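The values are calculated or read from the model by the stated rules, or taken from the named source; none is laboratory data. Not measured: the values here are computed from a predicted model. Cβ coordinates were reconstructed from backbone atoms using ideal geometry, including for glycine residues, and neighbour counts include every protein chain displayed.
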Amino acid sequence: MTTTATPRSAAGASRPDGGIDPRGPQLAAALTSVVLLAVLLLPSPYDVVLLAAQAGAFASGAVRGVQATPQAWLFRTLVRPRLAPPSEWEAPEPPRFAQAVGLGFALVGLLALLAGATVVGQVAVGLALVAALLNAAFGLCLGCEAYLLIRRATARRIAS
Amino acid sequence: MTTGAWIAVAAVVLTVGLGLWRNATDGRFRPRRAVGAAAAPGAGDSPAPAHLREVEHGKDPDDVAAPPPADVPPGADVAAVVGQQLGERATLLQFSSAFCAPCRATRRVLEDVSRLVPGVTHVEVDAEQHLDATRAFGILRTPTTLVLDGSGAEVTRATGAPTRDQVLTALARVPSQDPDASTTS
């Protein structure tokens, strides 16, 4: 006997409202990893410029949705047309939230680099790199997991 | 090497370590202290938050040795909230969220097992929509799969997607219909 408490659209055929191809965020994370690696390896003026660009991409993803990043655009125009439709669709909110977390790290890194605290900035970029690499290589979305924890924490505050 | 390069190397090493650790521990069932038996919030939809917090942090094992017999087991409570019943022998209680890809794989495995093994029910709960239950059971990640015995007390749990064999092995640990199962853990 099988019972499912919250029925949601079955895998495959139909695309739920606002559902995104889960391979999109994963490829975006791979591209983001490359950018963040370059930020760590490039000499002084270039790292700041590149990090600012990545912060802009994070901001766009956080504010206008995950589909609005340059990485997502690359996936849509270059990669997606060559792939079969995905077997599953994914809700866009958690990866979007993860973009906001990435933006936080990128901004800390950017401010630190601009203020001359190079190592602090690079550590912040390194942490963002860990999150992006985990998503790209293992399909693990740290920001997505934080999403439930934060929902738990904020709802608790409301309840008590 | 520059500091940036060292940090890059450290980030890659940390990532590989974290990823492999996750891959190794995902889906592994770990027995839980008798927290599940103590979690009985009583019947009803409005359990006191203080009580839930107490459950979440775990209680002294001595305190939970004799649960009040009238209490509804916590698992039964959760199942009732989502309009399901516990399995006679065991219940596979899955906490999911709308976004998590491994939750879907987990659902397929658990549905499969519940079809295969008589008396076993699969109940899936959206963690975000049932935050009370999420807190009562101390769920930190989705998917988390709890194996409940016939009375609704937790026997074991796994975070991450388990394999079918892991679920079957965990089911074998469920004591057969025994009201004082909570004293042994």
Worksheet item: Could you say whether any residue in the range A:142-153 is closer than 21 Å to A:Val34 by Cβ and in contact with a Leu (Cβ under 9 Å, 6 or more places away or on another chain)?
Response: yes
Worksheet item: Which members of the range B:136-158 meet the condition of being at the interface with another protein chain (Cβ under 9 Å from one of its Cβ atoms) and buried (at least 20 other Cβ atoms within 10 Å of the Cβ)?
Response: B:Ile139, B:Thr142
Worksheet entry | Failed criterion for A:Val34 (all others in (1) surrounded by 16 or more Cβ atoms within 10 Å (Cβ to Cβ); (2) β-branched (Val, Ile, Thr); (3) under 24 Å from B:Ile7 (Cβ atoms) hold) | (1)
Discussion item. So, restricting to helices (runs of 4 or more DSSP H) that lie completely within the range B:44-158, which ones have at least 1 residues that are more than 14 Å from the chain's Cα centre (by Cα), over 24 Å from A:Ala153 (Cβ atoms) and modelled with pLDDT of 70 or more?
Written reply: B:74-81, B:101-116
Worksheet item: Taking the stated definitions as given, is A:Leu129 free of Cβ contacts under 8 Å to residues at least 12 places away in the same chain, facing another protein chain (nearest Cβ under 9 Å) and surrounded by 20 or more Cβ atoms within 10 Å (Cβ to Cβ)?
Response: no
Worksheet item: Can you list the helices (runs of 4 or more DSSP H) found entirely within the range A:1-102 that contain at least 1 residues being over 30 Å from B:Thr106 (Cβ atoms), at pLDDT below 90 and more than 10 Å from every other protein chain (Cβ to nearest Cβ)?
Response: A:44-64, A:70-74
Worksheet item: Given the conditions (1) at positive phi; (2) in contact with a Ser or Thr (Cβ under 8 Å, 6 or more places away or on another chain), which single one is not true for A:Gly116?
Response: (2)
Worksheet item: Looking at B:Ser96, is it at negative phi and away from chain A (no Cβ under 11 Å)?
Response: no
Practice prompt. Please find, within the range A:51-89, the residue that is surrounded by the fewest Cβ atoms within 10 Å (Cβ to Cβ) out of those that are farther than 13 Å from A:Leu27 by Cβ and among the charged types (D, E, K, R).
Written response: A:Arg64
Worksheet entry | Residues that are assigned to a helix (DSSP H, G or I), within 14 Å of chain B (Cβ to nearest Cβ) and either free of Cβ contacts under 8 Å to residues at least 12 places away in the same chain or among the hydroxyl-bearing types (Ser, Thr, Tyr) (or both), drawn from the range A:103-119 | A:Thr118, A:Val119
Discussion item. Can you pull out every residue in the range A:134-156 that is more than 7 Å from chain B (Cβ to nearest Cβ), touching a Phe, Trp or Tyr at 6+ places or on another chain (Cβ under 9 Å) and part of a helix (DSSP H, G or I)?
Written reply: A:Gly143, A:Ala146, A:Tyr147, A:Ile150
Worksheet item: part of a loop (DSSP other than H, G, I, E, B), facing another protein chain (nearest Cβ under 10 Å), more than 19 Å from B:Thr145 (Cβ to Cβ) and at pLDDT 60 or above - does that describe any residue in the range B:26-38?
Response: no
